[in-house]
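*Asks:* Handing you a structure now.
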Amino acid sequence: MYPASSPLSGPSFPAQTMPTYGAAQPALPKSNAGWAAATIIFFWPLAFAAFNHSARVYPLWATGDYTGAEHASDRTKRLGKTALWIFVILNAMLIAFYILMIAMVAGAGDYSSY
């Protein structure tokens, strides 16, 4: 409309880049809430940390902290697996203790006939 050198055209500013909405962003990692629930069943003291990490996945991802969201998801899964292994180890120790006690009781004969 006005020539580039006209005082009515206003000052010329450099072209600004507009943010591109809909740009590719990483997919939302799984919250692994199932592993968090498993910590309640298998070893409840780890459940507090597991649920805390599970609940932080979406807020971190929504604010753009994709690596933090992935870390929280991985940590929840790791805590669930740790709780499962603790459960397995404690039950194996309990079974070994029962077997040892049964063997000791069965091996202790009646020595009152001496």
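The values are calculated or read from the model by the stated rules, or taken from the named source; none is laboratory data. Because the structure is a prediction, the values reported are computed rather than measured. A quick note on method: Cβ atoms are made from the backbone with ideal geometry, for glycine too, and the neighbour counts reach across all protein chains shown. Remember, those area values only see protein heavy atoms, side chains included, never the ligands or the DNA or RNA. Shrake-Rupley method; radii C 1.70, N 1.55, O 1.52, S 1.80 Å.
*Asks:* Report the local net charge at GLU70: Lys and Arg +1, Asp and Glu -1, summed over other residues whose C-beta lies under 13 Å from its C-beta.
*Replies:* Counting the neighbours of GLU70, the net charge comes to +3.
*Asks:* A further question on this structure: Provide the per residue accessible area, probe 1.4 Å, for region 34-112, rounded to a whole number of square angstrom.
*Replies:* Ligands and nucleic acids excluded, the figure is 69 Å² per residue.
*Asks:* Report in % the part of the accessible area of region 34-112 that belongs to carbon and sulfur, leaving out ligands and nucleic acids; probe 1.4 Å.
*Replies:* 73
*Asks:* Could you calculate the FRET efficiency of ALA49 with ALA106 from 1/(1 + (r/R0)^6), where r is the beta carbon distance between them and R0 is 35 Å, rounded to 0.05?
*Replies:* The pair ALA49/ALA106 has a calculated efficiency of 0.20.
*Asks:* For a Förster distance of 35 Å, can you work out the FRET efficiency between the beta-carbons of ALA37 and TYR66, rounded to the nearest 0.05?
*Replies:* With R0 = 35 Å, the Cβ-Cβ based efficiency is 0.90.
*Asks:* If R0 is 25 Å, what FRET efficiency do you get for VAL88 and LEU28 from their C-beta distance, rounded to 0.05?
*Replies:* The pair VAL88/LEU28 has a calculated efficiency of 0.20.
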